[in-house]
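Below you'll find the structure, written out as structure tokens, and then a few comments.
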Amino acid sequence: MAKELSSLQKERLNYQPKLPGVLANGVKNLSMKQGEPTGAVADEADIKALFKNSFGMPIVTFEKGSNDVSSKQRNVGVILSGGQAPGGHNVIAGLYDALKEANRENKLYGFLGGPSGIIDGEYIEFTDEYIDAHRNTGGFDIIGSGRTKLETEEQFKKTWDNCKKLGISAVVIIGGDDSNTNAATLGEYFMANNAGIQVIGCPKTIDGDLKNDYIEVSFGFDTATKTYSELISNIQRDVRSAKKYWHFIKLMGRSATHVGLECALQTQPNITLISEEVEQKKMSLAQIVDYMAGIIAKRAEMGKNFGVALIPEGVIEFIPEMKAMIANLNDTLAAAKDFDNLSQQEKIDFVESKLDSASAAVFKSLPRLIQNQLLMDRDPHGNVQVSKIETEKLLIEMIKVKLNEMKKNGQYNGKFSDQAHFFGYEGRCAFPTNFDADYCYSLGYNAFALIQFGLSGYLSSIRNLTAPASEWLAGGIPLTMMMNMERRHGKMKPVIQKALVDLNGPVFKKLEANREQWALNDDYVFVGAIQYFGPSSVCDTTTKTLALEKECGKKCECACK
């Protein structure tokens, strides 16, 4: 039985993504320009020592020209790694189209279930029909994804063996910072052992924390934030209609608050917490609760017992006393024997008796719901699963206590009714926006261009993204230039550095300048659904984050001249 398709999916399958002008002429009409040698974002000596073969390579850009390398027969493997992000299918489609354009005998193999697929030799060979059925669609179901790390000698050897069996001379890894750290490590291994297998990365993560001057945005961020913003603005319309609830919305983004910040700029809610700001100001949990309760009380004085608050998924780890308590709790649980056999009350009593006095006080101050979540099954490394803590419900419960105190003191005379939400998975597999469909297709097409010029250990780079697609710039940057050393599971390891929110940058400053007005006034923006057809000003816009960053960059460039 044929698979039934929605009307929208039928239309999206026929959408033809736009390419940068330099790539639109075809892979056979390219020349490559090399820049100066590169360094590392930090810990350069350590990174250089660990990546002897791939460190210091130049940034490359593509220009119109000609080459005699395109027609060489190549087999390429591709992996989807980490969490889903809208547009991943188009990266593979762009890679496939460029590869077949160069030589119809070329083959593209998709490894199933993420990096484990290349280790275990589980794959499919892509065909025109299979690729065509996935163009411009959301999700990673084309081959599936996974989070297996490529880091051991045994894994590297199995990967090499499976590539040799299929005659694969290049591997493209589509993923975020951890996945592209895998790409850098695998690429170095292949170089060190003269394997003759290239490794190219593509920048994916809806969190938006994989970026620099050459990676202006990670793919999926545009679609995810617009999806969340539609849901937030729907709630804001309901809030302004019913006038009786405070909605606390937790948004994906454990290590960085780019998602929350972008959604705030799009929808203009009453309260937006920024994890990086909490950490910089060393705000305690009590101070956060006081801040939020203060806005709730001020709005109540205006007769507004309603509002919307955006809360980043990982804010709890940026609160100093919570961060210290969680670290102390991890150490305590690691040393505990038969802990899982205790009753819930026995677990709580045990933890309170073993934590240091400061951490014990923090733990005792938390609602029982959150205490229980802190003591749930731990991750494979024995640590608390912070992402499962319902931070939005923690804040609601503590705000209720604070408002009751304020009511007794005559500081609050409103009504507080709450609703809690977590928007995460809702945005990871949406139909990609026109921007993400174009950007992802370009990243994949560009990845093959990097392969045909013999490069390895590079990240596909498409930039100048606020201009029309025809003016986008194509090239690649060495993965090592984004790396630093960080402590992971007790050891210092090379990893791609996460790009956190810049509190001195134009995006946060835009929020900061409007916070007070948005807190008390109902300046909600109702963004509506993502548009795929219509005026370019509606369908092809980038995020406010990217627009503000590029605008600021132009002003700075002018000021510096």
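Observations
- Of all the listed residues (430, 420, 449), the sole one being small (Gly, Ala, Ser), crowded, with 20+ Cβ neighbours inside 10 Å and not in a loop (DSSP other than H, G, I, E, B) is 449.
- Residues of region 223-245 satisfying the condition of being crowded, with 24+ Cβ neighbours inside 10 Å and among the aromatic types (Phe, Trp, Tyr): 228
- Residue that is surrounded by the most Cβ atoms within 10 Å (Cβ to Cβ) [pool: residues in region 27-80 that are more than 27 Å from residue 168 (Cβ to Cβ), under 26 Å from the mean Cα position of the chain (by Cα) and among the small types (Gly, Ala, Ser)]: 40
- Of all residues in region 1-24, those being in contact with a strand residue (DSSP E or B) (Cβ under 6 Å, 6 or more places away or on another chain) and of a type outside the set (A, V, I, L, M) number 1.
- In region 500-511, the residues that are at negative phi and assigned to a helix (DSSP H, G or I) reach residues that are at pLDDT below 95 and not aromatic (Phe, Trp, Tyr) with C-beta atoms within less than 6 angstrom, at least six apart or across chains, in these pairs: 506/552.
- Every pair of residues 6+ apart whose Cβ atoms lie under 7 Å, when the first sits in region 52-77 and is free of Cβ contacts under 8 Å to residues at least 60 places away in the same chain while the second is assigned to a loop (DSSP other than H, G, I, E, B) and among the acidic types (Asp, Glu): 73/105
- Each residue in region 296-311 was checked for being buried (at least 20 other Cβ atoms within 10 Å of the Cβ) and out of contact with any Phe, Trp or Tyr (no Cβ under 8 Å at 6 or more places or on another chain), and 1 pass.
- Conditions (1) modelled with pLDDT of 95 or more; (2) part of a helix (DSSP H, G or I); (3) over 24 Å from the mean Cα position of the chain (by Cα); number of the one not met by residue 8: (1)
- Single unsatisfied condition, residue 472 versus (1) within 21 Å of the chain's Cα centre (by Cα); (2) surrounded by 21 or more Cβ atoms within 10 Å (Cβ to Cβ); (3) not polar (S, T, N, Q): (1)
- Some residue of region 120-143 being among the hydroxyl-bearing types (Ser, Thr, Tyr), surrounded by fewer than 18 Cβ atoms within 10 Å (Cβ to Cβ) and either under 24 Å from residue 70 (Cα atoms) or assigned by TED's automatic domain parsing to the domain that holds residue 445 (or both): yes
The values are calculated or read from the model by the stated rules, or taken from the named source; none is laboratory data. Quick caveat, the model's predicted, so the values are computed rather than measured. Here Cβ is always computed from backbone atoms with ideal geometry, including for glycine, and neighbour counts include all displayed protein chains.
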